[in-house]
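Written out below as structure tokens is the structure these notes cover.
What follows draws every value from the coordinates through simple rules; no lab data is involved. Keep in mind it's a predicted model, so treat the numbers as computed, not measured. Note that each Cβ is placed from the backbone with ideal geometry, even for glycine, and that neighbours are counted across all protein chains shown.
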Ligand code: DX5
Ligand code: ZN
């Protein structure tokens, strides 16, 4: 199922409650993507636990917290307690990813792990059953509005193959440079959860941008599934 998660990194931080409502409602955002940066793991600083607590009270849209921070083993559980429905830590920063994923799940949230562009998926194949979502970054984390890295498409495809090989229900998220001109390639490669910051909040009508991105991704995903079925039929399978 295709899901669209607007990133509030591109919203007005002085009016977050209103900005959350602008993308909510029927056919609106599936999740609100909240980028937490500590100025150590990435060269930028955004927000922390108190803002997540307040945002939780201000919107019914579930919160997808993307922790671009050092020592997520220490901090991630606090984001679950603050009300996040999904918590993503970075593979490069976690000391004990399996223990951390189990702790996030035990506290009641979906556990997710992110990979920076230069981090391969293959070493993490055996960890995938411990996760509810895998995030393939399609820009270097740290800032919104960067250009989509096409070179990440093979990693998205290989990750989808691993998920299917193990028969997992894992969601595959992409984040960075996702827009009307790149979302179809991501969906065709096998992503099903799409983070979009500037493409949503930079639009005149952010809610309409969410709907348009979802329609594009659905169509591309259906087309890719149709092609696979066609290939299977052609091979006589
Ligand atoms: C970047 C963040 C993204 C960012 C995406 O490090 O993780 O979530 O908001 O912004 P766009 O969609 O503008 O690339
Ligand atoms: Zn993010």
Please state which of the following conditions residue 142 fails to meet, knowing it meets all the rest: (1) under 22 Å from residue 163 (Cα atoms); (2) over 13 Å from the mean Cα position of the chain (by Cα); (3) within 12 Å of ligand 2 (Cβ to nearest atom). (1)
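Quick grid of which residues meet (1) within 16 Å of ligand 2 (Cβ to nearest atom); (2) farther than 21 Å from residue 112 by Cβ:
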residue: 149; (1), (2): yes, no
residue: 156; (1), (2): yes, no
residue: 165; (1), (2): no, no
residue: 168; (1), (2): no, no
residue: 178; (1), (2): yes, no
residue: 196; (1), (2): yes, no
residue: 212; (1), (2): no, yes
residue: 222; (1), (2): no, yes
residue: 227; (1), (2): no, yes
Could you check how many residues of the stretch 1-28 are in contact with a helix residue (DSSP H, G or I) (Cβ under 7 Å, 6 or more places away or on another chain) and within 14 Å of ligand 2 (Cβ to nearest atom)? 5
